[in-house]
Amino acid sequence: MIDVLIVGGGGAGLSAAIAAKEVGMEVAVLGKTYPTRSQTSMAQGGINAALGNAGADSVDAHVADTIKSSHMLGDKEMIRRLCEKGPQAIRWLDEIGTPFSRLDDGRVAQRKLGGASAKRACYAQDYTGLKLLHTLHDTALARGVRFLNEYYMLNFIVEENRVLGITAIEMKSGEVKTVRSKSVVIASGGYSGLYFGFTTNSSTSTGDGIAAAIRAGCVLSDMEFVQFHPTALKKSGVLISESARGAGGYLLNSKKERFVDELKPRDVVARAIWEQIKEGEEVYLDIRHLGEAFIEQNLPQERKLAKLYEGIDPVKELVPIKPVAHYTMGGIEVDSTHMTKVEGLFAAGECANAYVHGANRLGGNSLLETVVFGYEAGENAASFALKSNKKVPSMHTWLKRDSEFIGKIYQFANQIDFYEKRTSLGNAFYHKVGIVRNERDLKGVLAAVRRLHEELPLMGIADKSREFNTNLVEFIEFGNMIELAKTVLVGAIGRNESRGAHQREEFPDEDNEKFGGIHSFSWKENGELCNKFGGLRDE
């Protein structure tokens, strides 16, 4: 039996796997793709740590910036823990071989990202997430972590509120299998895939682990908070890193006017761009003044992406951009040990809500969270596994249930193309559940989502094969998206205020009397979605 099973092979999952392996656990990382294709690779700008290598900085300043960005929805103790462990995390990443960009004296280079009071983000050109991910993957392989690649998780196996493993489709055979484990860490990423066609995330960011968690008895919180990145390429939605603005890039409208401080928090900058677009303006990123040598040294990926997807060379031309969905602050509620409401089931990274981002994540904190809290979750999952003496019963019941579920999907009528519905859902979420929202639009989209749920048996799949059936996997992903869409919408409808990334037209101000420090919670009872607003880790 596996001691610690990690679901998801991005930065949080790999950090958890390494931590658990270091204390002698039998560890496996399971994912629907290969680790090096995870969303962590798209985190380009940097990883925060108060090193002070590029000017005065402190942990206290990092804490203050993070609390301010959270708009009263951050847990000060968790935020301080994250920030205090930043320098230690960078030293560890440096020791295992992360190829950070360097100052002339050999110290790790740092730059300023939006919302920061200092140059705090450690970086590796503009490939920070990718290079960090590859380093973690190499380290996990070298230390003997087992990888179960191309396994699509279906559900957590839970008995008496204790996780015992998971069910998953082995994609190469199409068979439903069980994977037993003494403890499990969910590190499966966020749910920006709801904004299909309007997100910097890959099409695989469908919130599968989060959807499985609420079905298993976990609580979700703050699902209405979705961060829009200000600068994605206009045609494709491909990310242009905040490092381009951190290096001194400008945002210009059609009149070639700068209209916002480019290094304000992301919610402020994204909203300013959205307002320009609503007024009929085109918006551009301008880095021409930085010079070709600087761009090639520090922003090579941004130049390549602009050339590939827009046919634009940013050394000579303005880059047309728009804001798109980038990061989901809400997720699976965890306690200070990163354990969910289900015993032995831990969560880390974007799928978890450890209350460090609140209403608007500070740029550079996502990679820090994946490493620091991913590692902690792995350590705690290992401790839980060591103490475990529960005898695992037969997996036949769960295997039978989920095998029958897959069998039913093959029998669904194929009258409605769910790919068209996925595109429509993405369009509706971008325009009506996006940067600026109102009650009428939100309720209209909720009604549409409920219809989609009712129509799922009419959507079916065209591909009836078993081996590597991506049509089947994408259908299940779409079902998970619908499940999570309802939690996002109910939270957004109930939060009658504007706070961070959640902006309501009818309620343009923060209402601290009613919503200050108040979170939204979603859970299931007898299969029905329940919701309420309450205080931090409300019981």
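Derivation of every value follows stated rules applied to the coordinates shown; laboratory data play no part. This is a predicted model, so every value here is computed, not measured. Positions of Cβ are backbone-derived with ideal geometry, glycine not excepted, and every protein chain shown enters the neighbour counts.
Just a few scattered comments:
- Rounded to the nearest 20, the size of the Cβ-charge dipole of region 1-81 about its Cα centre is 240 debye, with Lys and Arg at +1 and Asp and Glu at -1.
- Couplings 3J(HN,Hα) of region 283-294, computed from phi: 10, 10, 9, 10, 10, 4, 5, 6, x, 4, 5, 5 Hz, in residue order, whole Hz [Karplus 6.51 cos²θ - 1.76 cosθ + 1.60, θ = phi - 60°; x for Gly and Pro].
- Think of each Lys and Arg Cβ as +1 and each Asp and Glu Cβ as -1; about the Cα centre, that makes the dipole of the chain roughly 560 debye.
- Cleavage-rule hits, GluC sites (Glu not before Pro), region 229-283, DSSP coil, Cβ neighbours within 10 Å at most 15: Glu257, Glu279, Glu282
- A simple spin-label model places pseudo-atoms 7 Å from Cα toward Cβ; at Ala293 and Lys307 they are separated by 1.9 nm.
- Dipole axis of the chain (+1 Lys, Arg; -1 Asp, Glu on Cβ), positive-most option in Cys83, Leu472, Thr337: Leu472
- Using the Cβ-Cβ distance between Ala447 and Ala64 with R0 set to 51 Å, the FRET efficiency works out to roughly 0.75.
- Cα-projected label distance for Tyr419 with Asn149, points at 7 Å along beta-carbon direction, nm: 2.5
- Efficiency of FRET between Ser203 and Glu275 - r from beta-carbon atoms, R0 25 angstrom, step 0.05: 0.30
- For region 389-528, the square roots of the Cα gyration tensor eigenvalues, ordered a ≥ b ≥ c, give a/c of at least 1.5 with a/b no greater than b/c, which places it in the oblate category.
- Burial ranking of peptide ranges 135-142, 285-292 (average Cβ count within 10 Å, highest at the top): 135-142, 285-292
- Helical runs (DSSP H, four residues minimum) scored at -39500 (n - 2.57) apiece and divided by the length of the chain put the mean residue ellipticity at 222 nm at -12000 deg cm²/dmol.
- Residues Phe468 and Lys391, FRET efficiency given R0 of 45 Å [Cβ-Cβ distance, rounded to 0.05]: 0.80
- Under a model in which nothing but the beta-carbon of Lys, Arg (+1) and Asp, Glu (-1) is charged, region 228-324 shows a dipole of about 140 debye around its Cα centre.
- Most positive-pole-ward Cα, Ser236, Phe294, Val260, against dipole of region 228-324 from beta carbon charges: Ser236
- Inter-label distance for Arg401 and Asp138, nm, one decimal - labels placed 7 Å from Cα along Cα-to-Cβ: 4.3
- Stretchable slack from Glu170 to Tyr410, in nm (0.36 nm times residue separation minus alpha-carbon distance): 84.8 nm
- Relative contact order, percent, the chain [alpha-carbon distance under 8 Å, six or more residues apart]: 21
- Computed extension length for Met1-Glu455: 159.5 nm, one decimal, from 0.36 nm per residue of separation with the Cα-Cα distance subtracted.
- Cβ-based exposure ranking for Trp398, Trp274, in which fewest neighbours within 10 Å come first: Trp274, Trp398
- For the pair Glu84 and Asn427, the difference between a 0.36 nm per residue extended length and the Cα-Cα distance amounts to 119.5 nm.
- For Glu22, net neighbour charge (Lys/Arg +1, Asp/Glu -1) across residues whose Cβ lies under 9 Å away: +1
- Placing unit charges on the Cβ atoms of the charged side chains and taking the dipole of the chain about its Cα centre, the candidate lying farthest along the positive direction among Ile18, Leu484, Ser424 is Ile18.
- Ranked packing of 115-123, 293-301, most packed first, by mean Cβ within 10 Å: 115-123, 293-301
- Label point at Glu317 placed 7 Å out along Cα→Cβ; residues across region 222-240 whose backbone nitrogen lies under 20 Å: 231-240
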